[in-house]
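Engineer: Sharing a structure, written as structure tokens. Questions coming.
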């Protein structure tokens, strides 16, 4: 996508930019070179974290905001996780290459991920041809006990978007797509956040799954028209509109009234999962709970804004003021400060 950069609203506050395929390649090379030859693993990890922060800050202002409330070490791990899931998503959604080439890129990426397990440390992995994104993620996974199968499931979900499919009902959508595209990402984060005293890892996983499903459904609702242009509709085929007919087929045919119906149904289902996830957040370590609660509040407000939307094509967003109004009062100063200084 070698074209003029454009700005898009990601959740609300403008993201810095959306990178072209060439920009991703050149920036990967730049950060690989910063790490190559590094003998101090702590410095290599710091560079990998700066790379993850750059990706996160550019692509998701909302998630960037809530991660400012994490302890520094956990925040750095989350930033590296974000980069590892952002890049494959961009390969599928924004790189101007054929479907065959996208599959080949994801296959090559998975091969790099599997090979990263043979190298100890970020610097060693980068020296041996592993991209900084995967070298950093492997380090996070290794230290936090994240199973490889989760990331493989994520890549499988990304592949499925190259050849769009339809889903029979909500359980089919959740089990066959959201599990790989979002639930496992929630599991990554749960491993990093850790449980509270007296809580179990299983309770954290349950909480992470519920919130991940809610967030993914909100993203689907917000992006109905954009996804339709890519030949995708995540609303299950058993959902019928006011006419009594399935909505998804009409969405794919470009019917705007059906897109609005799909948008609202997806956001309504998201509300159910936000309600389910809220009481489970207490299972997490207190040092991470503020960030998780902030994420829940922020995206709940965005979801309700989608529910009040009267336009199929409008991409609902929150202003900086709206964000600050739902973040913890004693912590909200961190967002504007980090937007200025945290580069």
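The values are calculated or read from the model by the stated rules, or taken from the named source; none is laboratory data. In this text, all values refer to a predicted model and were calculated from it rather than measured experimentally. Note that we place each Cβ from the backbone using ideal geometry, even for glycine, and neighbour counts take in every protein chain shown.
Engineer: Among the residues of the range 237-248, are any part of a helix (DSSP H, G or I) and outside the structural domain of residue 67 (by TED's automatic domain parsing)? Show your work before the answer.
Structural biologist: Filtering the range 237-248 down to residues part of a helix (DSSP H, G or I) leaves 248.
Right, trim to outside the structural domain of residue 67 (by TED's automatic domain parsing) and you get 248.
The answer is yes, given that some residue of the range 237-248 is part of a helix (DSSP H, G or I) and outside the structural domain of residue 67 (by TED's automatic domain parsing).
Engineer: So which residues in the range 72-95 are part of a loop (DSSP other than H, G, I, E, B) and modelled with pLDDT under 95, if there are any at all? Talk me through it step by step, then tell me what you get.
Structural biologist: Keep residues of the range 72-95 that are part of a loop (DSSP other than H, G, I, E, B), which gives 94-95.
Result: 94, single match.
Engineer: Answer yes or no as to whether residue 214 is within 22 Å of the chain's Cα centre (by Cα), outside the structural domain of residue 99 (by TED's automatic domain parsing), crowded, with 23+ Cβ neighbours inside 10 Å and within 22 Å of residue 326 (Cβ to Cβ). Give the steps one after another, and end with the answer.
Structural biologist: Numbers: within 22 Å of the chain's Cα centre (by Cα): yes; outside the structural domain of residue 99 (by TED's automatic domain parsing): yes; crowded, with 23+ Cβ neighbours inside 10 Å: yes; within 22 Å of residue 326 (Cβ to Cβ): yes.
When the stated conditions are applied, residue 214 passes them.
Engineer: In addition: Based on this model, can you work out whether residue 50 counts as without any contact (Cβ under 8 Å) to a residue 24 or more places away in the chain, under 19 Å from the mean Cα position of the chain (by Cα) and under 22 Å from residue 130 (Cα atoms)?
Structural biologist: On the way: without any contact (Cβ under 8 Å) to a residue 24 or more places away in the chain: yes; under 19 Å from the mean Cα position of the chain (by Cα): yes; under 22 Å from residue 130 (Cα atoms): yes.
Yes, satisfied.
Engineer: Could you please tell me which pairs satisfy a Cβ distance under 6 Å, a separation of 6+ or placement on different chains, a first residue in the range 117-137 that is at positive phi, and a second residue that is surrounded by fewer than 24 Cβ atoms within 10 Å (Cβ to Cβ) and part of a loop (DSSP other than H, G, I, E, B)?
Structural biologist: none
Engineer: Another question, then. Looking at the range 93-116, which of its residues are under 15 Å from residue 24 (Cβ atoms) and in contact (Cβ under 8 Å) with a residue 60 or more places away in the chain?
Structural biologist: Keep residues of the range 93-116 that are under 15 Å from residue 24 (Cβ atoms), which gives 93-97, 101-102, 105-106, 108-109, 112.
Scanning the range 93-116 gives 93, 94, 95, 96, 97, 102.
Engineer: Okay, next question. Would you confirm whether or not the range 260-271 contains a residue that is assigned by TED's automatic domain parsing to the domain that holds residue 215 and more than 24 Å from residue 230 (Cα to Cα)? Write out each step before concluding.
Structural biologist: First pass over the range 260-271, keeping only residues assigned by TED's automatic domain parsing to the domain that holds residue 215: 260-271.
Then drop every residue that is not more than 24 Å from residue 230 (Cα to Cα), which leaves 271.
Scanning the range 260-271 turns up at least one residue that is assigned by TED's automatic domain parsing to the domain that holds residue 215 and more than 24 Å from residue 230 (Cα to Cα).
Engineer: Hey, can you tell me all the residues within the range 1-35 that are surrounded by 14 or more Cβ atoms within 10 Å (Cβ to Cβ) and modelled with pLDDT of 60 or more?
Structural biologist: 18, 19, 20, 21, 23, 24, 27, 28, 31, 32, 34, 35 - these are the residues of the range 1-35 that are surrounded by 14 or more Cβ atoms within 10 Å (Cβ to Cβ) and modelled with pLDDT of 60 or more.
Engineer: Another question, if that's okay. Where in the range 138-194 are there helices (runs of 4 or more DSSP H), lying wholly inside it, with at least 3 residues that are buried (at least 18 other Cβ atoms within 10 Å of the Cβ) and touching a residue at least 40 places away in the same chain (Cβ under 8 Å)? Give the derivation first.
Structural biologist: Details: elements: 148-162, 170-173, 184-193.
Answer list for the range 138-194: 148-162, 184-193.
Engineer: Something else about it: Mind telling me which of the residues 324, 280 ends up being assigned to a helix (DSSP H, G or I), modelled with pLDDT under 90, over 25 Å from residue 259 (Cα atoms) and not assigned by TED's automatic domain parsing to the domain that holds residue 67? It would help to see each step written out before you state the result.
Structural biologist: Details: 280 fails: modelled with pLDDT under 90.
Selected residue: 324, the only one of 324, 280 that is assigned to a helix (DSSP H, G or I), modelled with pLDDT under 90, over 25 Å from residue 259 (Cα atoms) and not assigned by TED's automatic domain parsing to the domain that holds residue 67.
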